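Please read the structure below before turning to the comments.
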Amino acid sequence: MAIGDNARDVGLLHHDGQGARETAAFQYAASWLGDRSGFAIDPTLPLVAGPQFHRRGRGGSLFHGAIADTEPDGWARRVILRDHAKRRQEARREGREVAAVALSSLDFLLAVDDVARVGALRFADENGVFQRAPEEGRRTVPPLVELGALLSASRAVEANEETAADLAYLRGRGTSLGGLRPKCTVVDDDGTLSIGKFPSVADDRAVTKGEILALRLAAAAGIDAAVGRLVESEGQSIALIRRFDRPAGGGRSMYVSAATMIGAEEGEGAEHSYTEIVDALRAHGIAPQADTEELWRRIAFSILVTNVDDHLHNHGFLHVDGGLWRLAPAFDVNPFPERARELKTWISEEVGPEARVDGLMSVLPYFRMSRDTAVTVLAQVEEAVSRWRDIGREIGMTARELDQFADAFEHEERAGARRTIGAA
């Protein structure tokens, strides 16, 4: 394993597979341990010599969190599995012998394109070739002009009508990012990496437009949010979102999810809260109070725009220096007009999942915020959200499209926020 464009050796990933039984361990390189600039890539991976094993929970990853954060899931796993099956079918038709071997956890991990892999971790084989290596004669990360082809191939997969050519086109390209919806990393016009998020064949509202609307509103509310815009291709609106793990000056930023930072395991069955993220900021943050207040602002925003898919993999951290981290820009922020108003990440254990302003105000002591500061922040967020129709029109949403999102923005908690502001 290496880190960054300069491929600095960080350690060795061990994998052993015997049928359905798999084990994995990570071991830091002696050079990484001996360098003052070396840092723990995951809070559960302290800087010690020797292999460190990870116990796989039910439904969880075989690998430690920082490594698992680069794994494909959802849409990407679907593409990889379809491609694997299609290639086996073609081999059988051609009379070639095909071993009945299922894809392992390592196969999925290494199916991710090296250029587009999330964060700064990279994986090389015994010959020093980074995985996934480019295939001869093709770019793994396509330019923006290929969005139409990517959209067409993705729609074919969604409709279960994909050809071998569709899957070959998506191989590497459509397997680098998490989440259930179709997406792909592309090279933007200025040469930077961006995420292209496509409409789904199952959409009954303008989901891609709704995400860009939410990101614009978040920025207007004073939130450090990912930068996004809409582009048209094949008559469809695609959300194009700048990759914040690729700094403007070049290179790769080390990224981990909030789940990794607080040590939450997939499938463990436990509920987690924003107060746990606050604890992580105080233990590992380079600017803990500033980021704690930023987190409170984001929760307020999620409540007011009904962003209720705020699970721990939709929050993240970027490494700054010396094992200290900052909140990554807000991303995967979406208004959900049809969903119950319950947060995936609870405000606190006491408040529970309810997306309520009074519950958010109740945790001010834990966030070490004064009521005056909180009311000021809430007023800024409410003022930004109040302009949702105007900003929606600015990005090209029609009156009908805006009406489909109305329940996400116009609800009792908005009125409750105004009452809290007015009572201050």
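Restrict the check to segment 347-354 and report whether at least one residue is of a type outside the set (D, E) and part of a helix (DSSP H, G or I). Within segment 347-354, not a single residue is of a type outside the set (D, E) and part of a helix (DSSP H, G or I). Answer with yes or no whether A264 is modelled with pLDDT of 95 or more and in contact with a His (Cβ under 6 Å, 6 or more places away or on another chain). Judged against the criteria, A264 is not a match. Given the condition among the hydrophobic types (A, V, I, L, M, F, W, C), within 16 Å of G119 (Cβ to Cβ) and in contact (Cβ under 8 Å) with a residue 24 or more places away in the chain, answer yes or no: does some residue in segment 42-57 qualify? No, that holds for no residue. Evaluation of R8 against the conditions (1) open to solvent by less than 20 Å² (accessible area, probe 1.4 Å); (2) modelled with pLDDT of 95 or more shows that the sole unmet condition is (1). In segment 235-287, of all residues being more than 19 Å from the chain's Cα centre (by Cα) and hydroxyl-bearing (S, T, Y), the one that is surrounded by the fewest Cβ atoms within 10 Å (Cβ to Cβ) corresponds to T275. Could you say whether any residue in segment 296-303 is modelled with pLDDT of 95 or more, open to solvent by 10 Å² or more (accessible area, probe 1.4 Å) and touching a strand residue (DSSP E or B) at 6+ places or on another chain (Cβ under 6 Å)? Yes: segment 296-303 contains one or more residues that are modelled with pLDDT of 95 or more, open to solvent by 10 Å² or more (accessible area, probe 1.4 Å) and touching a strand residue (DSSP E or B) at 6+ places or on another chain (Cβ under 6 Å). Within this structure, T376 fails the test of being of a type in the set (S, T, Y) and under 24 Å from the mean Cα position of the chain (by Cα). Note on segment 35-49: among residues that are at pLDDT 95 or above and small (G, A, S), the one that is surrounded by the most Cβ atoms within 10 Å (Cβ to Cβ) is G38. A single member of D113, D107 is in a loop (DSSP other than H, G, I, E, B), of a type outside the set (F, W, Y) and either touching a Ser or Thr at 6+ places or on another chain (Cβ under 7 Å) or farther than 22 Å from R243 by Cα (or both), and it is D113.
The values are calculated or read from the model by the stated rules, or taken from the named source; none is laboratory data. Just so we're clear, the structure is a prediction, and the values are computed from it rather than from any experiment. Because the Cβ atoms are built from the backbone with ideal geometry, glycine has one as well, and the counts that use them run over all protein chains shown. These area figures cover heavy atoms from the full protein model, side chains too; ligands, DNA and RNA do not enter into them. Shrake-Rupley method; radii C 1.70, N 1.55, O 1.52, S 1.80 Å.
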